[in-house]
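Peer 1: For reference, the structure I am asking about is given below.
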Amino acid sequence: MSNKYNDFLEEQLRDPEFRREYEALQPERAVIRAIIEARRRSGLTQKELAERTGIAQGDISKLENGNANPSIRTLQRLANGMGMTLKVEFIPRKAVNG
């Protein structure tokens with residue numbers, strides 16, 4: 001990310017309401033990042049992944065752009081198409097005040 005973007009984001013995060021909304025979307029951003037990084041590590045284009053999974057390339061693009069929410073089944077299909085296993089985990093929240 002560019003410094004201008006990071007500076008802008010840092011400034012926006014000072015607003016408590018913005019920060020709450022930004023943090024609420026963190027899981028969605030994490031899924032998007034994971035899909036993109038896994039596909040790239042697999043050396044696949046969106047088109048190639050679409051051919052392997054039967055998921056339309058346009059739908060993969062929507063997922064990677066945050067314009068769709070994938071089901072667990074879709075994530076499993078993507079993982080299988082990349083020769084990977086899907087792992088979903090729940091982790092404890094960090095204590096706010098100790």
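FYI, it's all coordinate maths here, none of it is from the lab. Note that this is a predicted model, so its numbers are computed, not measured. Glycine also receives a Cβ, built like all others from the backbone with ideal geometry; neighbour counts cover every protein chain displayed.
Peer 1: Add +1 for every Lys or Arg and -1 for every Asp or Glu among the other residues with Cβ under 15 Å from the Cβ of Asp59, and state the total.
Peer 2: Net charge in that neighbourhood comes out at +3.
Peer 1: How much net charge surrounds Arg19 when only other residues with a Cβ under 12 Å from its Cβ are counted (Lys, Arg +1; Asp, Glu -1)?
Peer 2: Local charge sum for Arg19: -4.
Peer 1: Take the Cα atoms of segment 27-81, find their three principal axes, and give me the spread along each one in whole Å, biggest first.
Peer 2: If we take the Cα atoms of segment 27-81, the spans are 26, 19, 17 Å.
Peer 1: May I ask you to order 50-60, 13-23 by the average number of other C-beta atoms within 10 Å around their residues, highest value first?
Peer 2: Taking the mean over residues of other Cβ atoms within 10 Å, the ranking is 50-60, 13-23.
Peer 1: Using the alpha-carbon centroid of each, what span in Å lies between segment 11-27 and segment 44-74?
Peer 2: 27
Peer 1: By the scheme Lys and Arg +1, Asp and Glu -1, what is the net charge of all other residues having a beta-carbon under 12 Å from that of Ala38?
Peer 2: +3
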